[in-house]
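Scroll down for the structure; my scribbles are underneath it.
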Amino acid sequence: MLRILLTGVAIACGLGGGPNRVEAQEPAVQSEYDARAIRVESAWGFRTLVRGREGTFLGRIGDFRAPDVAAMVAPSEVAVREAKEFKRRYDRAHIATIPATALLFVGLGVTRLDGLDASALVPAYTAAVAGGAILAYAAVQLNKGYSALGRAIWWYNRDLPR
């Protein structure tokens, strides 16, 4: 029975023809939305903000800096509010990263020294744990910041005329 069913399906596909042929479309005239919409592209640990179909460079996010996204999305009030939240959380995360990394590595470095008694290891482990906790806090803030960036771009693009 299965063989008959499969044979019938194969015959139906053969009689139905091959895949549909798609004709090339003429490029549409670029609308205002196509020219002004913002998107994020990622490469090598950086996020780049670009505008329009051509991908005009607006700024790079990374290396402890971010462009003024609020100015880029200025016509939309909700987008500006979200962009300010992105900047606040992004800066907070990077400010916390520097001392947290130092605490973590100094604490771990001291624990690796030979000849230390237990009373000296307690502050070292405490520093390492504190550094790890602050890094976790920074990661949460950075994640919330990138979510706010996505919302800012979405609101800006939503408010563009089509």
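Under 5 Å from the amide H of residue 61 lie the amide H atoms of 47, 48, 49, each residue being 5 or more positions distant or on a separate chain, with H modelled from the backbone and absent for Pro and chain starts. Residues whose amide H falls under 5 Å from that of residue 37, counting only those 5 or more places apart or on a different chain, are 52, with hydrogens built in the peptide plane. Taking a ≥ b ≥ c as the square roots of the eigenvalues of the alpha-carbon gyration tensor, region 29-159 is classed prolate because a/c is 1.5 or more and a/b outweighs b/c.
Residue by residue, region 127-139 carries 3J(HN,Hα) couplings of 5, 5, 5, 5, x, x, 5, 5, 5, 5, 4, 5, 5 Hz when phi is fed to the Karplus relation 6.51 cos²θ - 1.76 cosθ + 1.60 (θ = phi - 60°); x denotes Gly or Pro. Rounded to the nearest whole Hz, the Karplus-based 3J(HN,Hα) values (6.51 cos²θ - 1.76 cosθ + 1.60, θ = phi - 60°) of region 50-55 follow the sequence 10, 10, x, 5, 6, x, with x at glycine and proline.
Once you have a ≥ b ≥ c as the square roots of the Cα gyration tensor eigenvalues for region 53-105, tell me rounded if a/c is under 1.5, and otherwise prolate or oblate according to whether a/b is larger than b/c. In terms of gyration-tensor shape, oblate.
Other residues within the sphere of radius under 11 Å centred on the Cβ of residue 68, judged by their own Cβ, net out at +3 (K and R +1, D and E -1). The residues neighbouring residue 36, those whose beta-carbon lies less than 14 Å from its own, together hold a net charge of +1 under the Lys/Arg +1, Asp/Glu -1 convention. Using θ = phi - 60° in the Karplus curve 6.51 cos²θ - 1.76 cosθ + 1.60, the 3J(HN,Hα) couplings for region 70-81 round to 4, 6, 6, 9, 3, x, 9, 5, 5, 5, 5, 4 Hz; x is entered for Gly and Pro.
Only the coordinates and a few stated rules stand behind these numbers; no lab work does. Note that the structure is predicted; figures quoted are calculated from it, not measured. In this analysis, Cβ positions are derived from the backbone assuming ideal geometry, glycine residues included, and neighbour counts consider all displayed protein chains.
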